[in-house]
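Heads up: the structure comes next, in structure tokens.
The values are calculated or read from the model by the stated rules, or taken from the named source; none is laboratory data. Since the structure is predicted, the reported quantities are computational estimates derived from the model, not experimental observations. Heads up, the Cβs are rebuilt from the backbone with ideal geometry, glycines too, and the neighbour counts pull from every protein chain shown.
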Amino acid sequence: MVTINPNDAILGATVEGLDLSQPLAPGDFRAVLGALGQYGVLRIPNQSIGAPELKKFAAAFGTLEINVANNFQEPGHPEVMILSNMKRDGKPIGLSDAGQDWHTDMSYSADRVRQRAVWHHDSAPRRLTVGRHRVRQHVRRL
């Protein structure tokens, strides 16, 4: 059974009881879609999925597009772009500066994008400057 738990923040909710490695039941999809409309951002923790499952889940919301950068795409799944601040053999394994500044993804498309499906797998710590203080940011694995 799917449950939606609003966060203690201005927006966002956590969705429990979904297994994105399996097809979504129509009732579960309606619950997720309603929660997305109500809370704006959804966190669906404890998933064990890969690019094919992410693509299938995202496609339930509409037609997927391939980013025009044509770079850092998941092999065999060009609709899935890899965003990462990690390096392998001294080379980035994904686009590292995605979302550094406020922007509208794919605003050049004929149909504006309303949702984004992001799967957080792993990331390296980053150093941020807050005021005059440097802090180390850790992203926890979902």
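Results, tabulated for the structure shown:
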quantity: Within region 1-26, tally of residues that are in contact with a Pro (Cβ under 8 Å, 6 or more places away or on another chain), assigned to a loop (DSSP other than H, G, I, E, B) and not small (Gly, Ala, Ser); calculated: 0
quantity: Criterion violated by residue 52 - all others in (1) buried (at least 16 other Cβ atoms within 10 Å of the Cβ); (2) at pLDDT 85 or above satisfied; calculated: (1)
quantity: Selection count where residues are part of a loop (DSSP other than H, G, I, E, B), surrounded by 10 or more Cβ atoms within 10 Å (Cβ to Cβ) and at pLDDT 75 or above, scope region 86-109; calculated: 4
quantity: Residue check, residue 66 surrounded by 15 or more Cβ atoms within 10 Å (Cβ to Cβ) and either modelled with pLDDT of 70 or more or over 14 Å from the mean Cα position of the chain (by Cα) (or both); calculated: no
quantity: Residue within region 58-67 that is in a loop (DSSP other than H, G, I, E, B) and at positive phi present; calculated: yes
quantity: Residues of region 27-46 classified as surrounded by fewer than 17 Cβ atoms within 10 Å (Cβ to Cβ) and either outside any helix (DSSP H, G or I) or under 15 Å from the mean Cα position of the chain (by Cα) (or both), total; calculated: 5
